[in-house]
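Notes follow once the structure below has been shown.
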Amino acid sequence: MSGTYTGSAMAILILGLTTILVSMVPMAAEAAAVVQRNASARQLDLWEDEDYVPYRGDRFNVFDWGLCKNLAAKYPSNMLISPISVKLALVLLYEGAQGQTAHELAGALELPNGREATRDRFSTILRSLQTYQQEYTLDISTRLIVDTSIQPKQRYSAIVKTFYSTDIVTTNLSNARPALASINAWVSNVTHGHIKEVLTDEQKIKESVFLVMNALYFEGTWRHPFSKNATKYGAFHTDIEKSVQVPYMNAVGRFYYADIPELDAQLVRLPYLGHKYAMFIVVPRARTGLQQLVKDINPFVIKNHMMLMQEIPLEVSLPKFKFDFTTHLESTLRELGIRDIFDNTAAFPGIARARANSQRLIVSDFVQKAGIEVDETGTTAQVVTVVSLGNKNSDTVVNVRHPFFFFIEDEFSGAIVFVGKVTNPLETNGFFEEPVTKSPNPFGSTIFSAVPVAAPVTPATDPNTGDRFNFFDIELLQALTAEGEDNIVVAPASVKAALTALVEGTGGRTATEILTLLRLPSDTESLRLAAERSLAPFKVRRVGAELDIATRLWTGNDVTVNPKYSEILRQYYNSDVEVVNFVDAPGASHLINNWVRETTRGHIKSIVDPGSLGSGVRLLLTNALYMKSTWKTSFDRSLTAPRCFQVPNYGCENTYLMESLAYYPYAYIPSLQAEAIELPYADGKLSMLILLPERLEDGIHALMKDLAHTPLPSIIGSLQETEVLLSLPRFSVETKIDLRSALEGLGIKDLFDLKANISGIANGPLKVGNILHNAKIEVNEEGTIASAVTGIAVVPLMGSTVQRFRADHPFVFILRDSDSGSVLFAGRVTRPDLIPVSGAQNNINMSRRLLRRSV
């Protein structure tokens, strides 16, 4: 380079800040380009399906990849560059350049033919970058700082303002201290305080006449965030025989993915909230493959495979990383064909008119400073923040455990905002806390108990009404889960059994409301056939399962029950009548609760207390349901270990997760945006259906609403035998509730009114005061040893076809009988049995035993 000049600094922080110093001969000039736009604070987005439509226009990124390849080859360590920031600075020079200077800039940047087309291209990119959305923050600002010794041309000022949103600020750069303070204050403002000083050398400022400054700040949150508690340490292979321990973020979900055979690499897209920006990770398959990837990568191969990406279930392991990168770009730009701007031959007659005719502008320095942080939180620590990943299930795995490329693209305009490589995630200014390690676990037996009291529910299946019989089961669950976030369990079979028995003694509107809600036939014969069908599961002797149901009508001493009704209860509902002295409330409650305990094998201790038996009680109808069964495929208790469960409004909390690798009926249900898996019990008839919403935030509420439109038989019919790595928490849920308000909301109102017609049960004016329901479920690892398949303990880490089902956030469970379709129990788990932190730490070494081996 010829001529005398002084250097200056340019910084890009992802927050990208670019500063070009332009010198006069013999004076130095700087130019600084930056466009500011305020974006609002980000907000969490829902997990939802999205259709990725790759940008199909001219990507205008050949220069970007040339810049990246050049820097990646020169710097063996981590590297980061913002191509769009560099191009914005260079195109502002192009607008004032002529001759060879302009020719080199246009050729290297591959600008469109003619300056008008160039202006249109960059205006489009800037409009896209400046688009406001709440979900992310992208501030870009360009500023030209001109010394008082030169006068910007009015035409140039109008062009850069109109097409590039660039302001020209005249400053006395000879008075360096206040000039520096003003420049650095502007930089700090655009970069949200992450870069506080980009220029500090007062002498360099005094020798400069023109600064081109561009600052870019990006803060985004992953659309599919990574759970902090899923992060764990692992080896990152910096070389064939060298590795470092780094924190890995882990997520399982549906991501867009492609194999790139030409590069022997994998390509995965990690979108940010807002449907606009995404990070693309390019991972060479070989540990030492990055060097060859740098040689082979080109925009055409990348573009072709971005068009071929498919959304698939994917397991992603990505290291957290945070680093700064500062580079002087003169040598790189010279190698890319931009030489004249640095030499005495530089021609920028369109920019400014010098006070002295002998002065000419040349670029004295071209510096970029960039910084990036990728973690689970989505906050920007320095320059640009790339936020964390979760989910779901995968048959493809992307383990980013050795050096890799990444780039962030504006998917509306195709502009590459940042591109870089990571060779060692520990080369950073940040620090990491080692997270709690996860571990696998087995499944086991389930013990359910339920006791509804006072005016309960009916389960009846009409052979002619088909699936309609089960509609009430879901409606009841929806009514009980409409508000609140707590665990809940209800036994629809128990509720329906009690209501069906009750309807035999009702008439008029009272009977009609019950029959309508339960979808029961109105004629007596069909009603009893439906009742018989619903009670059938409880009359069959089973191997590996205990299933009992009992109904009892308790009457006061002064009430005479219709003998016909007593006989109906005995003959068709496996029920009986018991006289009790309700005036002696303690004695009556003791008698009733003893019956409950016996029926539920002691799992439910009580259903009534003396205070609930007021002096006005004359009739009490109770129904008790008990089930205990073992899994068809039992699980090894030693594999159970503490894992993270996402509890609503609390975040990650430790619970014991059981894990199993086996073949289960499984499907993804698009209409519910949820996964479904059926866990059979040892008797071959009973099974538990687990529905796991895809979305973490509010997914359980959406699932409950959507269940009304997707019948259970449709869900069951879509399941296919699939090899699944299943993780399910132990949980024990007990719910004691008065069903009156829920049933009134569903349409049974007359029953609770003074006008209630229940004359078929007993003489005299009677009404139902309450319907008390108590249900309990316990899920643990116990299973049938004889049929256990615990030796299937190899889960491949790479290239596996194993489906993953991880119930680590709220889910719905439904326990059903396959023959009758009866729903015995249904519920929601939002917060399983928690364990102390110390207990989790003691079990960390047990973590992921099934996943330690690979094929």
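Observations
- Screening the range 357-387 for residues that are modelled with pLDDT of 50 or more and outside any strand (DSSP E or B) and picking the one that is surrounded by the most Cβ atoms within 10 Å (Cβ to Cβ) gives E376.
- Within the range 739-776, the set of residues being of a type in the set (D, E, K, R), at pLDDT 80 or above and within 30 Å of R831 (Cβ to Cβ) comprises R740, E744.
- Among (1) surrounded by fewer than 21 Cβ atoms within 10 Å (Cβ to Cβ); (2) outside any strand (DSSP E or B); (3) at pLDDT 70 or above, the one test that L797 misses: (3)
- Single match in L270, L263 (criterion: crowded, with 22+ Cβ neighbours inside 10 Å, over 24 Å from K232 (Cβ atoms) and at pLDDT 85 or above): L263
- Boolean, I168 is under 18 Å from L92 (Cβ atoms) and modelled with pLDDT of 85 or more: yes
- Among all positions in the range 462-478, there is no residue which is at pLDDT 75 or above, among the small types (G, A, S) and either surrounded by fewer than 23 Cβ atoms within 10 Å (Cβ to Cβ) or within 42 Å of the chain's Cα centre (by Cα) (or both).
- Residues (outside any helix (DSSP H, G or I), of a type in the set (K, R) and over 18 Å from L80 (Cα atoms)) located in the range 278-325: R285, R287
- Residues in the range 721-768 that are in contact with a strand residue (DSSP E or B) (Cβ under 9 Å, 6 or more places away or on another chain), among the basic types (K, R) and exposed (fewer than 15 other Cβ atoms within 10 Å of the Cβ): 1 in all.
- Residue within the range 680-699 that is under 17 Å from the mean Cα position of the chain (by Cα) and assigned to a helix (DSSP H, G or I) present: yes
- Annotation note: of N581, N594, the sole residue that is part of a helix (DSSP H, G or I) and either of a type in the set (F, W, Y) or in the same structural domain as S534 (by TED's automatic domain parsing) (or both) is N594.
- Checked against (1) modelled with pLDDT of 85 or more; (2) hydrophobic (A, V, I, L, M, F, W, C); (3) assigned to a helix (DSSP H, G or I), M249 meets all criteria but (3).
- Hits in the range 138-190 - residues which are touching an Asp or Glu at 6+ places or on another chain (Cβ under 6 Å), buried (at least 22 other Cβ atoms within 10 Å of the Cβ) and β-branched (V, I, T): V190
- Options V779, V823; residue that is among the hydrophobic types (A, V, I, L, M, F, W, C) and either at pLDDT 75 or above or under 29 Å from K232 (Cβ atoms) (or both): V779
- First in the range 805-818 and surrounded by fewer than 23 Cβ atoms within 10 Å (Cβ to Cβ), second anywhere and in a strand (DSSP E or B) and modelled with pLDDT under 75, Cβ under 7 Å, 6 or more apart: D817/L824
- Against the numbered list (1) under 43 Å from the mean Cα position of the chain (by Cα); (2) at pLDDT below 75; (3) more than 30 Å from S727 (Cα to Cα), K605 comes up short only at (2).
- On the stretch given as the range 130-168, residues that are polar (S, T, N, Q) and in contact with a helix residue (DSSP H, G or I) (Cβ under 9 Å, 6 or more places away or on another chain) total 5.
- Every residue from the range 200-210 that is of a type outside the set (A, V, I, L, M) and crowded, with 24+ Cβ neighbours inside 10 Å: E207, S208, F210
- Spans of helices (runs of 4 or more DSSP H) in the range 145-210 with at least 3 residues in the same structural domain as A117 (by TED's automatic domain parsing) and within 28 Å of L126 (Cβ to Cβ): 154-164, 176-190
- Out of S660, S671, sole residue that is small (G, A, S), on the phi < 0 side of the Ramachandran plot and not in a strand (DSSP E or B): S671
- Here T500 does not fit the description of being modelled with pLDDT of 75 or more and surrounded by fewer than 19 Cβ atoms within 10 Å (Cβ to Cβ).
- Any hit, the range 211-220, residues being in contact with a helix residue (DSSP H, G or I) (Cβ under 6 Å, 6 or more places away or on another chain) and surrounded by fewer than 24 Cβ atoms within 10 Å (Cβ to Cβ): no
- Meets criteria (of a type outside the set (F, W, Y), within 21 Å of K276 (Cβ to Cβ), at pLDDT 90 or above and in a helix (DSSP H, G or I)) for S123: yes
- So S227, is it within 28 Å of the chain's Cα centre (by Cα) and polar (S, T, N, Q): yes
The values are calculated or read from the model by the stated rules, or taken from the named source; none is laboratory data. Predicted model, so just to flag it, every value in this text is computed and none were measured. Here Cβ is always computed from backbone atoms with ideal geometry, including for glycine, and neighbour counts include all displayed protein chains.
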